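Have a look at the structure below before the remarks.
The values are calculated or read from the model by the stated rules, or taken from the named source; none is laboratory data. This structure is a prediction, so every number in the text was calculated from the model and none was measured. Heads up, the Cβs are rebuilt from the backbone with ideal geometry, glycines too, and the neighbour counts pull from every protein chain shown.
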């Protein structure tokens, strides 16, 4: 099995996976606005920190594309940190997050309610 939450589903009860995915969504709700705000303000370090947190959360649930976009954002924040570069990276993170939110919703719909 591969993809979103595959390792979690192999190792944990479905109720625990549900809890982890709900927490992941809560983390995204908190962190994505931080990424956007930091990009708009051209603040590289807050941008890098928010991307780092998203990359860690995404990696934990198997959201590889979101993890990659976030890690790229971290690299951009360290290298160029121009408003345009940060905005482009923020858009990539937001698009990857949007895709993964759909996958999370689909998976949550298939998991039993607790």
### Message
Quick check on residue 69: is it in a helix (DSSP H, G or I), crowded, with 17+ Cβ neighbours inside 10 Å, without any contact (Cβ under 8 Å) to a residue 60 or more places away in the chain and under 14 Å from the mean Cα position of the chain (by Cα)?
### Response
yes
### Message
Let me spell it out: the conditions are (1) more than 28 Å from residue 5 (Cα to Cα); (2) modelled with pLDDT under 95, and residue 41 meets all of them except one. Which number is the exception?
### Response
(2)
### Message
List pairs: first residue in the stretch 1-28 and on the phi > 0 side of the Ramachandran plot, second residue in a loop (DSSP other than H, G, I, E, B) anywhere in the structure, Cβ distance under 8 angstrom, at least six positions apart or on different chains.
### Response
3/62; 5/62
### Task
Could you please find all residues in the stretch 1-60 being under 17 Å from residue 111 (Cα atoms), assigned to a loop (DSSP other than H, G, I, E, B) and touching a helix residue (DSSP H, G or I) at 6+ places or on another chain (Cβ under 9 Å)?
1, 3, 4, 5, 12
### Query
What do you reckon, is residue 57 crowded, with 20+ Cβ neighbours inside 10 Å and within 8 Å of the chain's Cα centre (by Cα)?
yes
#### Entry: Residues of the stretch 81-114 classified as without any contact (Cβ under 8 Å) to a residue 40 or more places away in the chain and either within 10 Å of residue 69 (Cβ to Cβ) or part of a helix (DSSP H, G or I) (or both), total
14
